[in-house]
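Inspection log for the structure reproduced underneath, given as structure tokens.
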Amino acid sequence: MLGLSRNFLVLSSATILFLFLLISLTPITSPLPPYTGDYEVGILDLETAVERRTIHAATIKETGAKAFELETLAVTLYYPSSLPPLPSQPWARPWLPQPVSLIGTGYARLIGIHWPPLQSLATFFLWAFGSGSVIPGVVDAPVLSSAFPDVDGSGNVLTKLRKSGKPKHSEHVEEVLELRDVKVGKGPKLGKKMEKLPLVVFTHGMAGMSQSYSHYLGSIASHGYVVAAVEHRDGSGPGSIVHDPDAKESFVWHLSLEDLTSDPPMTTEDLKTAQLNFREAEIQETIRLFDRLNQGSEKTINLKPASPESALPGFKDRLNMSAVTVAGHSYGATGALQALKNAPNTKMPINGAMMLDPGKGSGPLNDKIELPTLVMQSGEWTEKQVEFYGQGKHFEVVRKLVENTGMGWFMTLKGSAHPSCTDAPLIVPWIMKLATKTTLDGRVALREYIDTSVNFLGYLNNGEKKGMLSKEVSSAAGPIGDSEKRVRVQGGFGAEWEVHVVPK
Ligand SMILES: *[C@@H]1O[C@H](CO)[C@@H](O)[C@H](O)[C@H]1NC(C)=O
């Protein structure tokens, strides 16, 4: 018996060592590719104090703490940046949020593992797969200055800087550019209309994190948008730490019904409503944060430990508060739709919304919409149809919702899967392919999503319909109609789409 368990021990530690060797030797993970736009990208994790409020009175059984108390707002900012960053600034940040054990334990808890050794094993795997990845982008880089777009296509940054009589500075720029192999003079011209930077608030899916979409969001930023990806503390993510202004830390783990005490007891629907209301409040706080940064009258203090804040004063007068778009994936898309309920109004000065795979089980979708919308679904999401809260098939509900606004698009990217807009297909392409059976290359799928998103954001600012937005309806009924009526349309990067709804 003793021999057996010893054998088992030896065997399992050997297995772990072997796995470790395998992971470190095989190129099972890939680095994230450069962003698709012309601007350099700055990146910053930011946590700020908000007006404290309780969204729902339920408490957590384990700790007795309030489950839906909004204390601080945490976001990851992706933004277009001016050159040059200081040599001391890191050029990338780790893809895995720190501490890794928080996320490892969080995911373990999420799948019902409460035994610490197994939680450590989850952390180990996360570390093995994720620790090699970094999010490209300069941490705390200065935000794109209004002078930078002075680059006129022919001119380049260096000559301009030399002419302006700042030799020291330009030498430094040159050095940094050389080191970083940056193409100069390629920044897109910001016309008069874009003197100030337009804004995007992004909300992640169930079990997602604010950094799970870094390529998609960083790319949008590289086209000239300031993107804030919310790290939701509504109990939908794997785990997050709230750092309040008194330097007190509290953990937010993934929440399910059994974790909560409430009088009367909560139902599944109550939990979703509470979480969506929590998300709506966080979206509202993000817009408020943009406004505060733009006004620049009070110093914004970054409560996130070890995260800098020197770029923040640079946002003063740089943000276009009339150009705020909300976007989200899955549960987050349901949240983005919810944010449109009474928008636009003074608390939610939103100009439109982008939804990727709106949730199938995250509660009914808000259909009170008076703003332009873009709904993009993965092939997988469109093909697998479910009855949706007694309102018909999910596809039909989404189609009606967009159609009724008269000013939205609804389309499907063929051959893609639910996680195709996340970083997963870039970091672990083989695992993604095996797990989701996508037929479309992961990079192409992301390229198509990014291109169409940037075109939609451009449309909100200048009314131009480019790329997929210029196409006509090719497949009105999608998976619920006749298959011969499902015509495919070629996207800009070789993928195929089905267009279900376009504006009237
Ligand atoms: C701000 O955005 C609005 C709406 O897109 C646009 O009409 C306006 O020109 C922008 N303003 C600046 C200063 O960029």
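The label point for K471 and the one for V134, both projected 7 Å from the Cα toward the Cβ, are 3.7 nm apart.
Computed packing ranks the peptides 317-327, 44-54 as 317-327, 44-54, most packed first, by mean other Cβ atoms within 10 Å. Legend: residues S378, S146, sorted from most to least accessible area (1.4 Å probe; ligands, DNA and RNA excluded), read S146, S378.
Across the range 47-73, the residues whose backbone nitrogen lies under 20 Å from the label position 7 Å along the beta-carbon direction of F251 are 59-72. About the centre of its Cα atoms, the range 424-504 shows a dipole size close to 100 debye [charges on the beta carbon of Lys, Arg (+1) and Asp, Glu (-1) only; nearest 20 debye].
Just list whichever of K61/K400; K196/K437; K272/K437 have alpha carbons separated by over 32 Å in the model shown. Exceeds cut-off: K61/K400; K196/K437. Each 5 Å bin, from zero up to the one with the longest distance, holds this percent of the alpha carbon pairs of the range 337-422: 3, 15, 25, 24, 19, 10, 4, 1, 0. Its residue count N sets the reference 2.2 N^0.38 Å, and the alpha-carbon radius of gyration of the range 385-504 equals 1.11 times that reference. In this label model, E464 and V100 are separated by 4.4 nm, measuring between points 7 Å along each Cα→Cβ vector.
Within a Cβ distance under 12 Å of Y216, other residues only, what is the Lys/Arg minus Asp/Glu net charge? Charge balance in the 12 Å sphere: -1.
To put it simply, the accessible area of the range 327-427 at a 1.4 Å probe is 53 percent carbon and sulfur. Taking 12 Å as the cut-off, the amide N atoms of the range 326-365 that come nearer than this to a point 7 Å along the Cα-to-beta-carbon line of T273 belong to 364.
Rounded to 0.05, the FRET efficiency of the L434 and S30 pair, given R0 = 22 Å and the Cβ-Cβ distance, is 0.90. For the range 284-363, the alpha-carbon radius of gyration amounts to 1.28 times the rule-of-thumb value 2.2 N^0.38 Å expected for a compact globular protein.
For the set K485, K471, the ranking by accessible area, highest first and with no ligand, DNA or RNA atoms included, is K485, K471 under a 1.4 Å probe. The residues neighbouring W253, those whose beta-carbon lies less than 9 Å from its own, together hold a net charge of -1 under the Lys/Arg +1, Asp/Glu -1 convention.
With each label modelled as a point 7 angstrom along the Cα→C-beta vector, the Q391-K66 pair spans 3.0 nm.
The Rg/Rh ratio for the range 224-276, using Cα coordinates for both the radius of gyration and the Kirkwood hydrodynamic radius, is 1.08. If the viscosity is 1.567 mPa s and the temperature 4 °C, what Stokes-Einstein diffusion coefficient in µm²/s follows for the range 255-307 when Rh is the Kirkwood radius over Cα pairs? D = 93 µm²/s. Length available on full extension from D244 to D317: 0.36 nm per residue minus the Cα-Cα distance, which gives 23.5 nm. Length available on full extension from T261 to D482: 0.36 nm per residue minus the Cα-Cα distance, which gives 74.7 nm.
The values are calculated or read from the model by the stated rules, or taken from the named source; none is laboratory data. Not measured: the values here are computed from a predicted model. Glycine also receives a Cβ, built like all others from the backbone with ideal geometry; neighbour counts cover every protein chain displayed. Side chains are part of the model used for accessible areas, which takes the heavy atoms of the whole protein and leaves out ligands, DNA and RNA. Shrake-Rupley method; radii C 1.70, N 1.55, O 1.52, S 1.80 Å.
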